[in-house]
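The next block holds one structure in the form of structure tokens; read it before the comments.
The values are calculated or read from the model by the stated rules, or taken from the named source; none is laboratory data. From a predicted model like this one, the values you see are computed outputs, not experimental measurements. Here Cβ is always computed from backbone atoms with ideal geometry, including for glycine, and neighbour counts include all displayed protein chains.
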Amino acid sequence: MEQEDADLDSLVRKRVRALRVAQGWSLEELATRARLSQSTLSRIENGQRRLALDQLVTLARALDTSLDQLVETASDDVVSSPVIDAVHRMKRWSVRSDPGVTVVRQRFTEPPPDNPARLRAHPGREWLVVLSGTAILLLGNRRYRVETDQAAEFPTMLPHAVGAEGGPCEILGIFDRDARRGHQREG
């Protein structure tokens, strides 16, 4: 077995055990849920039995996770640097991106546009959490003040824009797949 395969094998075994322990389950409980013998599960966890795909699928289901998450390897993209978005006058830090959701940390220094024609609408749904400062969310013809530790959730088919009030603000923006695409087309 190549080193990379051995590392993945070890990671999956540790993950199965960690997930079982996190649930507070004994070997017997997980074995019952996965329809495996307790000795088979024990040998899987401690590396004395070869990992079989059908058993991994069953274990993932019993642990309430997906096979993808069970065998996912660590990414080399642990640290990221900000990207300057001069058009929108903000810094963006990509925190996590997967096929379904994108999380972006943004810093706003300017208020949202005062021209309603500059509000954007696109399919999707967005969430934002204000990390510091005060954000202004324009949503349709309504104006919301979102302060530190507050959050907002809205459908992006409503014309919207975000900006700062009274100084810089930082937000954590969460975009579903459609909202992310809408922002990529605009950028």
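Residue 123: part of a loop (DSSP other than H, G, I, E, B), modelled with pLDDT under 90 and not acidic (Asp, Glu), yes or no? First the steps, then the outcome.
Values: part of a loop (DSSP other than H, G, I, E, B): yes; modelled with pLDDT under 90: yes; not acidic (Asp, Glu): yes.
Judged against the criteria, residue 123 is a match.
Kindly establish whether residue 165 is farther than 20 Å from residue 85 by Cα and either modelled with pLDDT under 90 or touching a Ser or Thr at 6+ places or on another chain (Cβ under 6 Å) (or both).
Working: farther than 20 Å from residue 85 by Cα: no; either modelled with pLDDT under 90 or touching a Ser or Thr at 6+ places or on another chain (Cβ under 6 Å) (or both): yes.
Criteria not met by residue 165.
Taking the condition of being closer than 18 Å to residue 105 by Cα and over 24 Å from the mean Cα position of the chain (by Cα), how many residues in the stretch 137-171 meet it?
Selection size over the stretch 137-171: 4.
Within the stretch 146-158, count every residue that is surrounded by 13 or more Cβ atoms within 10 Å (Cβ to Cβ) and either modelled with pLDDT of 90 or more or more than 20 Å from residue 118 (Cα to Cα) (or both).
Kept after step one, since they are surrounded by 13 or more Cβ atoms within 10 Å (Cβ to Cβ), are these residues of the stretch 146-158: 146, 148, 150, 152, 154-158.
Within this subset, residues satisfying the condition of being either modelled with pLDDT of 90 or more or more than 20 Å from residue 118 (Cα to Cα) (or both) are 146, 148, 150, 152.
Adding up the residues that qualify gives 4.
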